[in-house]
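The values are calculated or read from the model by the stated rules, or taken from the named source; none is laboratory data. Predicted model only: the values in this text are computed from it and were never measured. We place every Cβ from the backbone using ideal geometry, glycine too, and count neighbours over all the protein chains shown.
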Amino acid sequence: MSREFSKIKESLASWGEIRQLLRGGEQGQLVPVVIPKDRRGFAWMALVFLALYCAGMAALTDLTIIAALAALLFLALALVTMWRKAIIEIEEGTTGVRSRWGAITSTLPPGRHYLWLPWDRVDAVVDTSTEIPYSAPIVACPTAENVPLKSIEFFLKFRIVDPVAFVRTIGAGNFDLVLSSAVQDAIRQRSRRVHTERAYDLRGSDVGDMQDALNRQLGRYGVRITGANIPDVQLPDQYQQHLSTREKVAKEMSAYEREWELTRKRRIDTLLMEIERSKKTRDARVVEVKAAHNTARKDVARMLEEQETEAQRVTWEIEARGRAELTAAENEAKALRRLAESYRDNRAVLQYELARKRLDVGAKLAENAPQPLVVRTQQGQSDSALSTLLLAQLLPRISGTGSGHMNGHTPSA
């Protein structure tokens, strides 16, 4: 780590050396401002005097043509010399500060310019585009416990945004003193707010507040801080040993934590794999159950369909049997009705046949009937006992020989 502050200075150089000084510095020092040497001089005036002398010779002597040509030649050389000396070239990324009779009047942008008047000159060429690095190692910075730190290295980058204000108000040499003092004050204020055991936290910490404070202090000089950080902090040897032990313990703890984290992740991965395997098994079983459920549903549907078919068949058989029986009953009823109608239609015939049969039976009975015995009694007298006794004896005989069909008329006495 560098143990010295960066140095800022301004240099006096010719126009040919300005680029090298602004870009590379001089002897390890930063050179943001170069004062150019005025190269114009008055050599062109001597050529003008020679031209006037030759013109006088052409007018007063016989060497008119030769003296006139010499006068013209010297005059042309004077003009060319004057033109060449008046050219000012400002490098890209730099700005020239123009003055007249010692007073700053304006700035010159990059490019070619002409300074014809001898009292116009470029006082300084300022680098306004490059971010200039500046390193400031601060030694013996006390912490909050008043323990002096070995060193704190502070690094910043700045850029000159107003070359006129920079050249007029402070200059490069004085700016180096002001910047180093401001950086030391900012670093010491920051270290006072930090405990010794946390001093290493300053490395790479946010220093935006310090950058803002430096910009407020240096803004009036035409300078803007574009970046800052603390790349390194060194503690006293005793604290370094203490912190090295703590760091060793912390590293071991970190190693154990990483090992435990790996073990935990490995176990978690194993459990996740088991869970995924269980999920796959469960999904497979769910698929099997669904397949079995679908098969059972199909079987039940087929069985229900078969039962419905069987029930339909039985229904159809019962309906067919019922229809057949109903048809038979209807046919039998029709036959009986027709038979009844036939009986009704043949009733007269039957009655005739019955009457004829009765006549035949009566005729046969009449042929085989015994001759009646008439017992006459006196008129007007009741039957005698003798007639009654005879009648009682004759009736059984008559009834035994007859067909049983007799008129129930008692013989008259």
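A few points about this structure:
- Taken as a whole, segment 109-122 holds no residue that is out of contact with any strand residue (DSSP E or B) (no Cβ under 8 Å at 6 or more places or on another chain), farther than 30 Å from Ser180 by Cα, buried (at least 16 other Cβ atoms within 10 Å of the Cβ) and modelled with pLDDT under 80.
- Verdict on Ala144 being of a type outside the set (Val, Ile, Thr), in contact with a His (Cβ under 7 Å, 6 or more places away or on another chain) and modelled with pLDDT of 75 or more: yes
- Residue match in segment 212-223 (condition: modelled with pLDDT of 80 or more, among the β-branched types (Val, Ile, Thr), surrounded by 11 or more Cβ atoms within 10 Å (Cβ to Cβ) and more than 17 Å from Gln184 (Cα to Cα)): yes
- Of the listed requirements (1) crowded, with 19+ Cβ neighbours inside 10 Å; (2) touching a strand residue (DSSP E or B) at 6+ places or on another chain (Cβ under 6 Å); (3) under 21 Å from Lys9 (Cα atoms); (4) of a type in the set (Val, Ile, Thr), Ile187 misses just one: (3).
- Ala103, sole failed condition from (1) assigned by TED's automatic domain parsing to the domain that holds Leu218; (2) out of contact with any strand residue (DSSP E or B) (no Cβ under 9 Å at 6 or more places or on another chain); (3) not β-branched (Val, Ile, Thr): (1)
- Matching entry among Glu252, Glu247, Glu274 (being surrounded by 12 or more Cβ atoms within 10 Å (Cβ to Cβ) and either touching a strand residue (DSSP E or B) at 6+ places or on another chain (Cβ under 8 Å) or part of a helix (DSSP H, G or I) (or both)): Glu247
- Boolean, Thr143 is over 51 Å from the mean Cα position of the chain (by Cα) and of a type in the set (Ser, Thr, Tyr): no
- Within this structure, Thr263 passes the test of being out of contact with any helix residue (DSSP H, G or I) (no Cβ under 9 Å at 6 or more places or on another chain) and among the β-branched types (Val, Ile, Thr).
- Filter result (at pLDDT below 85 and crowded, with 18+ Cβ neighbours inside 10 Å) within segment 201-211: Leu202, Val207
- Hey, Asp176 crowded, with 18+ Cβ neighbours inside 10 Å, more than 47 Å from the chain's Cα centre (by Cα) and modelled with pLDDT under 85 or not: yes
- Cross-chain or 6+ apart pairs with Cβ under 8 Å, segment 87-104 first and among the aromatic types (Phe, Trp, Tyr), then at pLDDT 75 or above: none
- So Gln238, is it part of a helix (DSSP H, G or I), loosely packed, with under 10 Cβ neighbours inside 10 Å and either among the charged types (D, E, K, R) or out of contact with any Asp or Glu (no Cβ under 7 Å at 6 or more places or on another chain) (or both): yes
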